[in-house]
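Every number in this text was worked out from the coordinates using simple rules, so none of it is lab data. Just so it is clear, the model here is predicted, and its values are computed rather than measured. All Cβ positions, even for glycine, are placed from backbone atoms using ideal geometry, and neighbour counts span all protein chains on display.
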Amino acid sequence: MKTKPVLLKNALAIVRYLQGNGIDPLLYGSLGVSLYLGPFKDFNDIDLLIENTWLGERWPELIGVMQGRGFSLVAAREHEFQDQAGLSVAFAEETVLIRDKILDSLNLVITRKVDGTIFRTLSPEGFREAYRFSVKDGYRKDKRGKKDQDVIELLDRYLISTW
């Protein structure tokens, strides 16, 4: 199934739903970057980081939570779900931030409030580090190298403009 273009409001609705089910996701990926840059491109999915336990021992429970929202598991290895309209949500363990040296500690995760939804995400500097990691990562380097470098440059300009 073709994925549906994603808007920030779609991500916020999913975040609220997950929070209501005891899951505290962190908005990540290019949609997370859009909190600072605005809609700088078309977004294809919602990338969320969650506690490792949800992708381990509580994985069956997460599948049930997502099914309760009308999502089906489409790629177990990537922890990716899609609904009937083609909205795609992918999960990863939040500890990738430490493992990949994007953050020194999960205490550096920030909280934002958008349209009444309070959620966790990264600072612009945190996203810049994530994309710096991505341009060195084998898979992403081959598939998205130039695009990831473009996002770093946009974040650099954003950071300069806010100094």
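Worth pointing out:
- Taking 0.36 nm per residue of separation and subtracting the current Cα-Cα distance, fully stretching the chain between Asn107 and Val74 would add 8.7 nm.
- Charge dipole magnitude, Cβ of K and R +1, D and E -1 - the range 8-123, Cα centre, debye nearest 20: 320 debye
- Using θ = phi - 60° and Karplus 6.51 cos²θ - 1.76 cosθ + 1.60, couplings along the range 152-157 (whole Hz; Gly, Pro as x): 4, 5, 5, 5, 4, 5
- Once both labels are positioned 7 Å from their Cα atoms along Cα-to-Cβ, the gap between Val114 and Trp59 label points is 2.9 nm.
- Taking the average, over residues, of other Cβ atoms within 10 Å as the packing measure, peptides 98-107, 66-75, 83-92 rank 83-92, 66-75, 98-107 from highest down.
- Of Lys113/Lys136; Lys9/Lys136; Lys9/Lys41, those spanning more than 26 Å from alpha-carbon to alpha-carbon: Lys113/Lys136; Lys9/Lys136
- Note that the range 35-41 has calculated 3J(HN,Hα) couplings of 4, 9, 9, x, x, 7, 6 Hz, one per residue in order, obtained from phi through the Karplus relation 6.51 cos²θ - 1.76 cosθ + 1.60 (θ = phi - 60°); glycine and proline are x.
- In the chain the Cα-Cα distances spread across 5 Å bins starting at 0 as 2, 8, 18, 22, 22, 17, 8, 2, 1, 0 percent of all pairs.
- Karplus-derived HN-Hα couplings along the range 7-14 (A = 6.51, B = -1.76, C = 1.60, θ = phi - 60°), whole Hz, x at Gly and Pro: 10, 4, 4, 5, 5, 5, 5, 5
- Peptide packing for 148-155, 26-33 was compared via the average number of neighbouring C-beta atoms within 10 Å per residue; ordered from the highest value, the list is 26-33, 148-155.
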